[in-house]
2 protein chains.
Amino acid sequence: MSQKTRENPIYLKAYPLKEYQDIQRIKDDLEAGCIVIVRFTPLVKKSVEELAKSVDEIYKYSTTIGGDIARLGEDRIIITPPGVKIYRENSI
Amino acid sequence: MSQKTRENPIYLKAYPLKEYQDIQRIKDDLEAGCIVIVRFTPLVKKSVEELAKSVDEIYKYSTTIGGDIARLGEDRIIITPPGVKIYRENSI
């Protein structure tokens, strides 16, 4: 069994995206090497325009840093830092 | 900006838990160092008893390997290998 542990663990954080300003936290967490799962439903209810702008910026940012991004179900997006890849299959 | 990349990327996989036998795949993926997000709703519909048995075994396994485990929303569980920790906050 692989029991390797890293000196610094990678953190996985999950939180809601409530407004456009929240994407700064996502950027900061990704830059710190965290994996982020955001639930964007609060922003759907608030403003579809603000949601579109936020998601667009998150996509661009994840590409810029060499990370990965994918939809998870109806309500969430996963964004990863460089070094963490999302395995694509039909059921994601 | 932190642009560190590892020689071997960590994979994050998401798939449904349809029956008790599927937990072997979860164990194999964790042992290979993957992060796993399982959607357990298909098993809720099939058998609550089978679901309870599966979740119990996944919990025990994640503890045994020194990984981490947390509920994500209504329908999913995140399980991580050693070296990946789930950041706890109210909104997970």
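Is it the case that residue B:47 is modelled with pLDDT of 95 or more and either hydroxyl-bearing (Ser, Thr, Tyr) or closer than 16 Å to residue B:16 by Cβ (or both)?
When the stated conditions are applied, residue B:47 does not pass them.
On the basis of being within 24 Å of residue A:15 (Cα to Cα), surrounded by fewer than 18 Cβ atoms within 10 Å (Cβ to Cβ) and touching an Asp or Glu at 6+ places or on another chain (Cβ under 9 Å), does residue B:16 make the cut? Show your work before the answer.
On the way: within 24 Å of residue A:15 (Cα to Cα): yes; surrounded by fewer than 18 Cβ atoms within 10 Å (Cβ to Cβ): yes; touching an Asp or Glu at 6+ places or on another chain (Cβ under 9 Å): yes.
The answer is yes for residue B:16.
Please specify each residue of the stretch A:45-72 satisfying the condition of being surrounded by 14 or more Cβ atoms within 10 Å (Cβ to Cβ) and either without any contact (Cβ under 8 Å) to a residue 12 or more places away in the chain or assigned to a helix (DSSP H, G or I) (or both).
Within the stretch A:45-72, A:46, A:50, A:51, A:53, A:54, A:55, A:57, A:58, A:61, A:62, A:65 qualify.
Going through the stretch A:73-92 one residue at a time, which ones are of a type in the set (A, V, I, L, M, F, W, C) and in contact (Cβ under 8 Å) with a residue 24 or more places away in the chain? Break it down into steps so the answer makes sense when it comes.
As a first pass, look at the stretch A:73-92 and keep what is of a type in the set (A, V, I, L, M, F, W, C): A:77-79, A:84, A:86, A:92.
Passing the criteria: A:77, A:78, A:79, A:84.
Among the residues of the stretch A:7-24, count how many are in contact with a strand residue (DSSP E or B) (Cβ under 8 Å, 6 or more places away or on another chain) and of a type in the set (Ser, Thr, Tyr).
2
Condition first: under 12 Å from the mean Cα position of the chain (by Cα) and among the charged types (D, E, K, R). Now tell me which residues in the stretch B:36-55 satisfy that.
Restricting attention to the stretch B:36-55, the residues satisfying the condition of being under 12 Å from the mean Cα position of the chain (by Cα) are B:36-40, B:54-55.
Passing the criteria: only B:39.
Looking at residue A:65, is it within 13 Å of the chain's Cα centre (by Cα), facing chain B (nearest Cβ under 9 Å) and of a type in the set (Val, Ile, Thr)? Working first, answer last.
Details: within 13 Å of the chain's Cα centre (by Cα): yes; facing chain B (nearest Cβ under 9 Å): yes; of a type in the set (Val, Ile, Thr): yes.
Criteria met by residue A:65.
Please enumerate the residues belonging to the stretch A:29-44 that are assigned to a helix (DSSP H, G or I) and within 14 Å of chain B (Cβ to nearest Cβ).
Here is the first cut: in the stretch A:29-44, the ones assigned to a helix (DSSP H, G or I) are A:29-31, A:41-44.
Within the stretch A:29-44, A:29, A:30, A:31, A:41, A:42, A:43 qualify.
The values are calculated or read from the model by the stated rules, or taken from the named source; none is laboratory data. As the structure is a computational prediction, the values presented were derived from the model and not from experiment. Note that each Cβ is placed from the backbone with ideal geometry, even for glycine, and that neighbours are counted across all protein chains shown.
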